[in-house]
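One structure follows; several queries about it will come next.
The values are calculated or read from the model by the stated rules, or taken from the named source; none is laboratory data. Values in this document were obtained by computation on a predicted structure and should not be read as measured data. Cβ coordinates were reconstructed from backbone atoms using ideal geometry, including for glycine residues, and neighbour counts include every protein chain displayed. When the accessible area is computed, the model is the full protein with side chains, heavy atoms only, and any ligands, DNA or RNA have been set aside. Shrake-Rupley method; radii C 1.70, N 1.55, O 1.52, S 1.80 Å.
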Amino acid sequence: MELQNPTLEKTDSGFRISWDASSAEGKSMPSDETFIVLYQPEQGKYIWVEQKFRRSEGLAEVDLSNVDKDFPWHVYFAFSQFNIWRKSYILSNSEYLGMIEL
């Protein structure tokens, strides 16, 4: 369920993450959803990106135009998958994608 070939890019209003959407390794499903967290250790702040993107899309574009731009943000990414039998979510291991300066 891990992220394959990720890239992190700054955009005018936030950032973009792309990945290999054709990956079907292990228990990966096209319907897996993104779980993105940004962390700013200098200020002890974090942002959980509530907008979800599907694995099959291969792209997440996040608008951060209203976010503190004084310090860089560390970006972490994982996929979540709903287990219909257990009625709960399974998360992949998170992956550190790097820092973004807005």
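For the condition open to solvent by 70 Å² or more (accessible area, probe 1.4 Å) and within 13 Å of the chain's Cα centre (by Cα), what is the one hit in Tyr46, Tyr39?
Going through Tyr46, Tyr39 in turn, just one is open to solvent by 70 Å² or more (accessible area, probe 1.4 Å) and within 13 Å of the chain's Cα centre (by Cα): Tyr39.
Counting just the residues of the range 71-102 that are free of Cβ contacts under 8 Å to residues at least 24 places away in the same chain and assigned to a loop (DSSP other than H, G, I, E, B), which one comes out most open to solvent (accessible area, probe 1.4 Å)?
Among those residues, the one meeting the criterion is Trp85.
Something else about it: Give all pairs with beta carbons closer than 8 Å in which a residue from the range 7-33 that is touching a residue at least 24 places away in the same chain (Cβ under 8 Å) and farther than 22 Å from Trp73 by Cα meets a residue that is of a type in the set (Gly, Ala, Ser) and open to solvent by 50 Å² or more (accessible area, probe 1.4 Å); count only pairs at least 6 apart in sequence or on separate chains.
Ala21/Ser56; Pro30/Ser56; Ser31/Ser56
I've got another one for you. Please go through the range 4-55 and pick out each residue that is of a type in the set (A, V, I, L, M, F, W, C), touching a helix residue (DSSP H, G or I) at 6+ places or on another chain (Cβ under 9 Å) and within 24 Å of Glu101 (Cα to Cα).
Residue satisfying the conditions is Trp19 alone.
In addition: Within the range 9-36, take every residue that is open to solvent by less than 50 Å² (accessible area, probe 1.4 Å) and touching a Phe, Trp or Tyr at 6+ places or on another chain (Cβ under 9 Å) and give me the one that is nearest to Lys69 (Cα to Cα).
Within the range 9-36, the match that is nearest to Lys69 (Cα to Cα) is Phe15.
State whether the residues of the range 44-57 include one that is in contact (Cβ under 8 Å) with a residue 24 or more places away in the chain and in a strand (DSSP E or B).
Scanning the range 44-57 turns up at least one residue that is in contact (Cβ under 8 Å) with a residue 24 or more places away in the chain and in a strand (DSSP E or B).
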